[in-house]
Amino acid sequence: MKSLKGKILALAAAASLLSPAVARADQFVNILTGGTSGVYYPLGVALSKIYSENMKGTKVQVQSTKASVENLNLLQQGRGELAFALGDSVKLAWEGDAEAGFKKKLDKLRGIAAIYPNYIQIVASKDSGIKTLADLKGKRVSVGAPKSGTELNARKIFAAAGISYKDFAKTEYLPFGESVELIKNRQLDATLQSAGLGVASIKDLSTSVPITMVAVPADVAGKLGAPYISATIPAGTYDGQDADVPTVAVVNFLVTRKGVSDKTAYEMTKLLFDNLGTLEASHKAAAQIKLANAIKGMPLPLHPGAEKFYKEKGLIK
């Protein structure tokens, strides 16, 4: 009996010694994305699969959020390890712009990579009669979730065009999917969505009702300046879109935080670029992610783990 009891105690002691080691071996990567009808979310899901399969002892989770501004604040609070965010939001977060939703400089943020550009896509129902930016006056418009990267884009673009939210008959602060549902139900006339080309929400709308893609003309693009660049939504991107549509774009970034280990940041960066085909299969916006552009326009310091990867690739000497 004593022998059996001794064995049980020995096993229990061994387990108590082993369990802390197992706990320490595990790490957690929370990927902060956006709404499920946008581009961040499917790319985040694809990344989580890649990381889960290749980063031993790592538990990976994808979190749907209100996107850029919320993501960056969550990173600063230590509530995520990797986040998608628009370049202008990242810049304002690093500077600490209270009006943009950053009460102080988010000094823990660190860069991983520049990825694909977000195209400013303004879509209206054909029935609304909206054809130009000026036609939005007196209409019901959704400008994105409150204090999201999309909403920051909307403010800048409409201001450059001489339009304020007060000019609209109604201003809604809604995510992509909800905006589209209201247009379908004739409760909304137009929405501005900042996303990769072929975003699911506008695809859904274009197959449901006749639409008009509203151009952001060159003179407005010129007033915006960096980090905005002139861009084109190619004809046929959405059903019923028969011609190219001029607009502007803003580069997206993957961002991490100080406190994430160099090893983890290195692996997250390397696996991103080693698996671009898998990412493109999840959303065609990923086709525009290029290693050559990975550190262009980075608005904040690179994480040392990411920097190590770029040195290996010859992007940094």
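Quick notes on this one:
- In the set LEU224, LEU254, only one residue is surrounded by 14 or more Cβ atoms within 10 Å (Cβ to Cβ), within 20 Å of LEU82 (Cβ to Cβ) and of a type outside the set (Asp, Glu); that residue is LEU254.
- Tally, over region 174-210, of residues that are surrounded by 23 or more Cβ atoms within 10 Å (Cβ to Cβ), at pLDDT 95 or above and β-branched (Val, Ile, Thr): 4
- Every listed requirement among (1) part of a helix (DSSP H, G or I); (2) of a type outside the set (A, V, I, L, M, F, W, C); (3) not assigned by TED's automatic domain parsing to the domain that holds PRO210 is met by LYS105 save one, (1).
- Any hit, region 82-101, residues being basic (Lys, Arg) and modelled with pLDDT of 95 or more: no
- Tabulated pairs, region 292-317, first polar (S, T, N, Q), second at pLDDT 95 or above and not in a loop (DSSP other than H, G, I, E, B), C-beta under 7 angstrom, 6+ apart or interchain: ASN293/ALA114
- Test: residue in region 121-142 that is buried (at least 16 other Cβ atoms within 10 Å of the Cβ) and either under 30 Å from TYR266 (Cα atoms) or at pLDDT below 95 (or both): no
- Selection count, region 60-91, where residues are hydrophobic (A, V, I, L, M, F, W, C), surrounded by 24 or more Cβ atoms within 10 Å (Cβ to Cβ) and in a helix (DSSP H, G or I): 4
- For THR171, the test of being buried (at least 24 other Cβ atoms within 10 Å of the Cβ) and either among the hydroxyl-bearing types (Ser, Thr, Tyr) or more than 17 Å from SER37 (Cβ to Cβ) (or both) is failed.
- From the options LYS296, LYS223, residue that is more than 19 Å from the chain's Cα centre (by Cα), at pLDDT below 95 and within 22 Å of GLU95 (Cα to Cα): LYS223
- Test: GLN193 is assigned to a loop (DSSP other than H, G, I, E, B), in contact with a strand residue (DSSP E or B) (Cβ under 9 Å, 6 or more places away or on another chain) and on the phi < 0 side of the Ramachandran plot: no
The values are calculated or read from the model by the stated rules, or taken from the named source; none is laboratory data. Not measured: the values here are computed from a predicted model. Cβ atoms come from the backbone with ideal geometry, glycine included; neighbour counts cover every protein chain shown.
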